[in-house]
């Protein structure tokens, strides 16, 4: 019975991978998606090993199929960084410079892009001006910053 289940999982996975690999290369999916990419964004070999070891890569394939934008570049690293450091990032955005702002700009693929930095600051100013921003949870504030960073990176930079 165990072999039948394993065989069925393998068949379903291969069919899914066939669909996903039509859009992206197989190795890109295992390097840039799933648990491996979230845990080891800067080490693609360990990301692949993690994806294969943890769940035979199903989370990588599922994340590619359900939300491919999360599999590009440093999106998961940027989200985690913003969530962990949003108070400091807010301070840097207010001042217009700082290590946290520089780090996010690098993760966005916008390092040294003054237009992107100005746009990010303007987006933050708009968010802060909205009623209820300061009453929001840390997650809500981080999500607002992440969405702004993602939108700006798509406009001005390359991830």
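Would you be able to tell me the number of residues in segment 1-53 that are closer than 22 Å to residue 79 by Cβ, modelled with pLDDT of 65 or more and not in a helix (DSSP H, G or I)?
Going through segment 1-53 one residue at a time, the tally reaches 5.
From the list 66, 102, 77, pick out the single residue that is within 23 Å of residue 124 (Cα to Cα), surrounded by fewer than 20 Cβ atoms within 10 Å (Cβ to Cβ) and at pLDDT below 80.
Working: 66 fails: within 23 Å of residue 124 (Cα to Cα); 102 fails: at pLDDT below 80.
It is 77.
Mind checking which residues of segment 148-159 are under 14 Å from the mean Cα position of the chain (by Cα) and either surrounded by fewer than 13 Cβ atoms within 10 Å (Cβ to Cβ) or not in a helix (DSSP H, G or I) (or both)?
158, 159
Does residue 92 meet the test of being within 30 Å of residue 44 (Cβ to Cβ), exposed (fewer than 14 other Cβ atoms within 10 Å of the Cβ) and not assigned by TED's automatic domain parsing to the domain that holds residue 38?
Values: within 30 Å of residue 44 (Cβ to Cβ): yes; exposed (fewer than 14 other Cβ atoms within 10 Å of the Cβ): no; not assigned by TED's automatic domain parsing to the domain that holds residue 38: yes.
No.
Restricting to segment 109-139, what's the tally of residues that are surrounded by fewer than 13 Cβ atoms within 10 Å (Cβ to Cβ) and assigned to a helix (DSSP H, G or I)? Break it down into steps so the answer makes sense when it comes.
First pass over segment 109-139, keeping only residues surrounded by fewer than 13 Cβ atoms within 10 Å (Cβ to Cβ): 112, 114-115, 125-126, 129-132, 134-135, 137-139.
Those still in the list that are assigned to a helix (DSSP H, G or I) too: 114-115, 125-126, 129, 138-139.
So the count comes out to 7.
The values are calculated or read from the model by the stated rules, or taken from the named source; none is laboratory data. Quantities reported herein were computed from a predicted structural model and do not represent experimental measurements. FYI the Cβ positions are ideal-geometry reconstructions off the backbone, even for glycines, and counts take in every protein chain you see.
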